[in-house]
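Taken together, the values in this text are just the output of simple stated rules run on the coordinates, not laboratory data. None of the values given here were measured: they were computed from a predicted structure. Please note: Cβ atoms are built from the backbone with ideal geometry, for glycine as well, and neighbour counts cover all protein chains shown.
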Amino acid sequence: YFNRLPQVTIIDRPQHVGTPSAPNSRAESNIGPSIRGFIHAPAVPTASQAVTVTAQATDPDSVSGMTLFFSVNGAGFQSVPMGAGTNGSYTATIPGQTASKVVQFYVQGTDGLGVTSLFPAAGPDSRALYKVDDGLAATNGQHNFRIVVTNAERDFIHQLIEVMSNDRVGATIIDREEDIYYDVQLRLKGSQRARAQDNRVGYNMRFGRDDLYRGIHKSLAIDRSEGVGQGQLEILFDIMIANSGGVVSRYYDFIKVLAPKNRHTRSAVLQMARYDDVLLDSQFENGSDGNLYEYELLYTPNNADGNGFKLPNPDGVTGVTVGNLGDDKEKYRWFFLKKNNREADDFGPIIAYNKKFSQSGAAFEDGLEEVVDIDGWLRGMAYAVLSGAGDN
């Protein structure tokens, strides 16, 4: 739980791994049709508007048929045969539904030998979804960003004893009312002070490697806490940095998030290139080869419900200032989270930083440039002071 049992265990591996150039235990002689080009249209149907699902299927043993399965608001799946078109294309229609209904769907292909395959591959456990328009979308030109999950998982992730879980549920993301991403992995975002609050809860999304967001981002976050008790909008800080030069700034966007729960639908900040490998590689040569750490505190719940399950509040907070914690990297592991190149498990740079900033006077100044980029560090500190950002 958190950093209570910090330990790195090195596991020996066999000298010979796998079966190069030969079949292994997972080999299949026939996996059924290969399916691609899976999409539904329109992306956001209006009430009573039918939706067309299209997919392309190919198989060396021919494709004997394709079937569409769909479920409305978590009810049992219904099936519809898909009609064959040109170039291996198949289509079927889901009948129109009333406003706000959530529809889940997948397709099954059968080859000439009777072997079947599913797409998305998990079939009924996948999350290809759409939600019938409920009239909450922005119509003033603001960028709409829809997060669609099943009604059951929508309620589950917001249970008080579940909000702190970083386990993910499947979702479909519909961006700008036209770009569709299926089977995105979603979790809530924010501290234990935020996730149970309607005005602060946010979202973190992980995209499949075969369908990155805008072809670039594997991970996105949505922050809804801007201006809630803090005053200044954080994105203004980023704009100030970006336009003045000298310090690397993040690139974010304003959106209207159409959230799983309607009461969370409102304007928000879409956090794209955060301080991650995408940003580092775009700003510095081989930027992601270095080490990225995130300062963190330790929050310990001090209360539980009647069944003994932890509740997010009230809590105790334990933290460390930047200082010498010794040479054991386990003392730093939680408070300075390693965010990239985790396999190397290199805490040397952040340990050196902590040790240097525990010194003062001549000892601090001697060799400081070997630990930090002094000009960059002072510029970053100047922005923090000028913005009045107290929580940094």
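Points worth noting:
- Cα-centre dipole for the chain with unit charges at Cβ (Lys and Arg positive, Asp and Glu negative), debye to 20: 1140
- When only Cα pairs below 8 angstrom with a gap of at least 6 residues are kept, the chain shows a relative contact order of 10 percent.
- The chain - convex hull of alpha carbons, volume per residue in Å³: 215
- When the charge dipole of the chain is built from unit charges on Cβ atoms (+1 for Lys and Arg, -1 for Asp and Glu) and taken about the Cα centre, the candidate among HIS217, TYR353, ALA41 whose Cα reaches farthest toward its positive end is ALA41.
- For segment 228-316, pairs of C-alpha atoms spaced more than 15 angstrom apart make up 76 percent of the total.
- Separation of the LEU113 and ALA27 label points, Cα + 7 Å toward Cβ, nm: 1.4
- Full-stretch length increase - ASN166, THR86 - with 0.36 nm per residue and alpha-carbon distance subtracted: 24.4 nm
- Sites VAL322 and ASP375 - FRET efficiency at Förster radius 22 Å, r taken between beta-carbons, to 0.05: 0.70
- Anchor LYS310: aspartates and glutamates whose Cα lies under 14 Å away (excluding residues fewer than 8 positions away in-chain): GLU162
- Unsatisfied cross-links (Cα-Cα over 25 Å) in the set LYS218/LYS355; LYS131/LYS256; LYS189/LYS256: LYS218/LYS355
- Length gained on full extension, PHE254 to GLU365: 35.8 nm, using 0.36 nm per residue less the C-alpha separation.
- Candidate cross-link partners of LYS356 among the aspartates and glutamates, defined by an alpha-carbon separation under 17 Å and a same-chain spacing of 8 or more, comprise ASP327, ASP328, GLU365, ASP366, GLU369, GLU370, ASP373, ASP375.
- All aspartates and glutamates inside 13 Å of LYS329 as judged from Cα atoms, apart from same-chain residues fewer than 8 positions distant: ASP345, ASP346
- Antiparallel DSSP beta bridges within the chain, percent to nearest 5: 95
- Note on segment 61-165: dipole from Cβ charges, positive end direction compared against GLY85, THR98, THR150; the farthest Cα belongs to THR98.
- Between segment 1-67 and segment 334-374, the Cα center-to-center distance that results, in Å: 42
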